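**Q** Structure provided below as C-alpha cells; questions to follow.
The values are calculated or read from the model by the stated rules, or taken from the named source; none is laboratory data. Note that the structure is a prediction, hence the values are computed from the model and not measured. Ideal geometry is used to build each Cβ from the backbone, glycine not excepted, and the neighbour counts take in all protein chains shown. Quick note on the areas: whole protein, heavy atoms, side chains included, nothing else; ligands and nucleic acids left out. Shrake-Rupley method; radii C 1.70, N 1.55, O 1.52, S 1.80 Å.
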Amino acid sequence: METEHNSTYVRTPIGPVRVTVYDGRIVRILLPPVDGDPDSDAGAGADVDLFDDVAIQLNEYLDGRRRSFDLPTDVHGTNFQMNVWSALAEIPYGETVTYRDLADTIGHPDAQRAVGSALHANPLPILLPCHRVVSSRRGAGGYAGGLALKRSLLDLERR
C-alpha cells in the first residue's frame with residue numbers, strides 16, 4: 001500500500017506554515033506567505049498527531065522556549081545539498097556562520113554560491129536553520145521566508 005503526502009497549515013506567530021508529511025515524516029515546510037487557504041485544510045488521518053507535534057514545537061521555538069526540534073523528518077536532495085543541510089543542523093542556536101564558513105565546513109571552499117542554492121532549496125526551513133547563514137559582510141543574505149523573518153529569527157535566538 002502506497003502512502004500519500006498529507007499537508008496542513010500550522011498556525012504560528014509568523015502566520016500559517018504549511019507542513020507536508022509523507023510516511024510519518026516531515027518532508028516539507030513552507031513559510032508564510034504560502035499558497036492556499038489556511039482555513040480550508042486541517043490535516044487528516046494518522047498524521048494528525050505529528051501535525052500537532054509540529055505546531056507545538058514550532059510555536060515553542062517562536063516563543064523563545066525551544067532551541068532544537070525533536071521531529072521525524074525525511075529530506076532528499078543531491079549529495080551536495082544533503083551535505084549542506086547536514087552542516088546546517090550543526091549550527092548552534094543563536095550563532096551564525098557565513099556562506100564561506102559553510103562551504104569550508106563541507107569541504108568545498110569555493111562553493112559559496114552553490115551553498116546559497118542549496119540553502120534556497122532547503123525543504124525544512126527553521127527545522128534546518130538556514131536563517132543562521134549570513135553573508136561574509138555579516139548582512140542577512142537571502143531567506144525563503146523573506147529578510148524580515150530571517151532578521152526576526154536571528155533576533156529571537158540572540159535574546
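**Q** When only the heavy atoms of the protein chains count and the probe is 1.4 Å, how do Glu90, Glu60 rank by accessible area, highest first? Spell out each step's value before the answer.
**A** Working: Glu90 140, Glu60 45 Å².
Heavy-atom accessible area, descending, gives Glu90, Glu60.
**Q** Pull up the DSSP beta bridges for the chain and report the antiparallel fraction as a percent, rounded to 5. Mind showing how you got there, number by number?
**A** Numbers: 12 of 16 bridges.
Antiparallel bridges: around 75 percent, rounded to the nearest 5.
**Q** From the list [x] 110; [y] 152; [z] 127, can you say which value of volume of the Cα convex hull per residue in Å³ was derived from the structure given?
**A** [x]
**Q** Here is a follow-up. In percent, what relative contact order does the chain have, based on Cα pairs under 8 Å that are 6 or more apart in sequence?
**A** Values: 225 pairs, mean separation 31.4, N = 159.
Worked out over the chain, it gives 20 percent.
**Q** What number, rounded to the nearest 500 deg cm²/dmol, is the helix-based mean residue ellipticity at 222 nm of the chain, given -39500 (n - 2.57) per DSSP H run of at least four residues and division by all its residues?
**A** Values: 5 runs with 53 residues, N = 159.
-10000 deg cm²/dmol, from helical runs alone.
**Q** Taking springs between alpha-carbon atoms closer than 10 angstrom, which of Pro125, Pro109, Pro16 fluctuates most in the Gaussian network model of the chain?
**A** Evaluated over the chain, the most mobile residue of the options is Pro109.
**Q** For labels at Tyr93 and Arg11 in the simple 7 Å Cα→Cβ model, what's the distance in nm?
**A** About 2.5 nm separates the two model spin labels.
**Q** Continuing with this model, one more query. Need one number: nm distance between label points at Tyr22 and Asn79, each 7 Å from Cα along Cα→Cβ, rounded to one decimal.
**A** Calculated label separation equals 2.2 nm.
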